[in-house]
1. Which of the following residues is surrounded by 13 or more Cβ atoms within 10 Å (Cβ to Cβ) and at pLDDT below 95: Leu103, Leu38?
2. What's the number of the condition Ile91 fails, among (1) of a type in the set (A, V, I, L, M); (2) exposed (fewer than 13 other Cβ atoms within 10 Å of the Cβ); (3) modelled with pLDDT of 90 or more?
3. Mind checking whether some residue in segment 126-135 is modelled with pLDDT of 95 or more and touching a Phe, Trp or Tyr at 6+ places or on another chain (Cβ under 7 Å)?
4. Only residues that are surrounded by fewer than 20 Cβ atoms within 10 Å (Cβ to Cβ) and more than 15 Å from Val36 (Cα to Cα): list them for segment 57-82, please.
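The values are calculated or read from the model by the stated rules, or taken from the named source; none is laboratory data. Worth saying up front: this structure is predicted, and the values here are computed from it rather than measured. Reconstructed Cβ throughout: ideal geometry from the backbone, glycine too, with neighbour counts over all protein chains shown.
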Amino acid sequence: MTTTYPRNLAALEEIVADTARQFAAFGIDDSLRDTVDLAIEELFVNMVKYNRGAAHDIALDIHPIDNGVEVSLTDFDVDRFDPSQPVTVDIDAPLAEREPRGLGLYLIHKMVDSIQYEYRNRQSRITITKRVEHADV
């Protein structure tokens, strides 16, 4: 299901509420919600913050997959920025020596199973997947 949101950080509250509703409607394992909400928040904030010239709403798609969920965010009339590439962050460096950017994407790469990026005709689509981890018994 595709839902669009205004490019405004105030939309995050509505996004989280809609994510909860869609997880329930699709029967997606609720244990994935915290990770998915954090990833959506980070990607949405980056789109709002760094694509300031864009006027279109941002589209969010959530779909169930085997043992998990696939989430896509699409931004329109924007420059290319590929968050699927691994981000290097020195998490052991003292805070005063750290670069101010990249930690959010670094965390997303650590938390989700995959990140894919498509860019065509000034349209940017980021897709993440997250599956339930089953412990061996």
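1. Values: Leu38 fails: at pLDDT below 95.
The conditions single out Leu103.
2. Unmet condition: (3).
3. yes
4. Here is the first cut: in segment 57-82, the ones surrounded by fewer than 20 Cβ atoms within 10 Å (Cβ to Cβ) are 57, 59, 61, 63-68, 70, 72, 76-82.
Once the filter is applied, which keeps residues that are surrounded by fewer than 20 Cβ atoms within 10 Å (Cβ to Cβ) and more than 15 Å from Val36 (Cα to Cα), segment 57-82 yields Asp57, Ala59, Asp66, Phe76, Asp77, Val78, Asp79, Arg80, Phe81, Asp82.
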